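The values are calculated or read from the model by the stated rules, or taken from the named source; none is laboratory data. Being a predicted model, the structure only gives us computed values, none of them experimental. Cβ coordinates were reconstructed from backbone atoms using ideal geometry, including for glycine residues, and neighbour counts include every protein chain displayed. Ligands, DNA and RNA are excluded from the accessible area calculation, which covers all protein heavy atoms including side chains. Shrake-Rupley method; radii C 1.70, N 1.55, O 1.52, S 1.80 Å.
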Amino acid sequence: MQPQSGMPPRDERAGSSVSAGGSINASNGVIAGGNVSGSNNTDNRKKTNYGGILVAAVAIVALFLVGRAVVVNLSGDDGAAGGTDVTQTAVGTWTASDGTGTKTFGGNGAQCEGFYYHQGKPLDIGGPMTCTLSTAPDDQNRHSLLVKQGPNQATFKIAFDRADHAVVYGANGAQLYELTRF
């Protein structure tokens, strides 16, 4: 095969070196003979792909921001309580929709106030009241709330539809009141 006029031999175009024994004779663009050596002086160093690095960095930052937004939404004022530890979500002071005043939840198994109801009405016999909230909801997405005060105890159901709002149900499943974080 003969190279085209003005074109280097095929092996030189591929970035390799060619060598052979003999002498070089060139006529009409054809190389004949031996002792042919050469190099195309191509820079074979790896080049850094800055565009790919930039795309990867932007993707990492975007994933971080999306993940942070999801966490803030789950624990923030307007986010749903689902997926978080509901026993921590419930900690705080709440206002009841039935006009019975504020209710406080100090933590799972800790002291609470205003949560004991008897026959649909709040009952406080004095002394410490404790509340224990189940960590897993039932099939209706309601958590069990066990309230104890002295010899009295009752179990209620509570559903958190947002981090700062919940609905409390009696033992019969009827809605007793709604709670809004104070």
Sole exception among (1) open to solvent by 20 Å² or more (accessible area, probe 1.4 Å); (2) at pLDDT 95 or above for N172, by number:
(2)
Return the residues of segment 135-182 that are within 25 Å of the chain's Cα centre (by Cα), outside any strand (DSSP E or B) and closer than 18 Å to G101 by Cβ; say none if nothing qualifies.
D164
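This table checks each residue for (1) closer than 14 Å to F115 by Cβ; (2) in contact with a Phe, Trp or Tyr (Cβ under 8 Å, 6 or more places away or on another chain); (3) not β-branched (V, I, T).
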residue: T130; (1), (2), (3): yes, no, no
residue: T135; (1), (2), (3): no, no, no
residue: D139; (1), (2), (3): no, no, yes
residue: H143; (1), (2), (3): yes, yes, yes
residue: P151; (1), (2), (3): no, no, yes
residue: F156; (1), (2), (3): yes, yes, yes
residue: D161; (1), (2), (3): no, no, yes
residue: V168; (1), (2), (3): yes, yes, no
Give me a count of the residues in segment 86-115 that are part of a strand (DSSP E or B) and not polar (S, T, N, Q).
7
Segment 116-130, residues that are free of Cβ contacts under 8 Å to residues at least 40 places away in the same chain and in a strand (DSSP E or B):
H118, K121, P122, M129, T130
If N172 satisfies all but one of (1) touching a residue at least 24 places away in the same chain (Cβ under 8 Å); (2) out of contact with any strand residue (DSSP E or B) (no Cβ under 6 Å at 6 or more places or on another chain), what's the number of the condition it fails?
(1)
So, G76, is that one surrounded by fewer than 17 Cβ atoms within 10 Å (Cβ to Cβ), touching a helix residue (DSSP H, G or I) at 6+ places or on another chain (Cβ under 8 Å) and modelled with pLDDT under 90 or not?
no
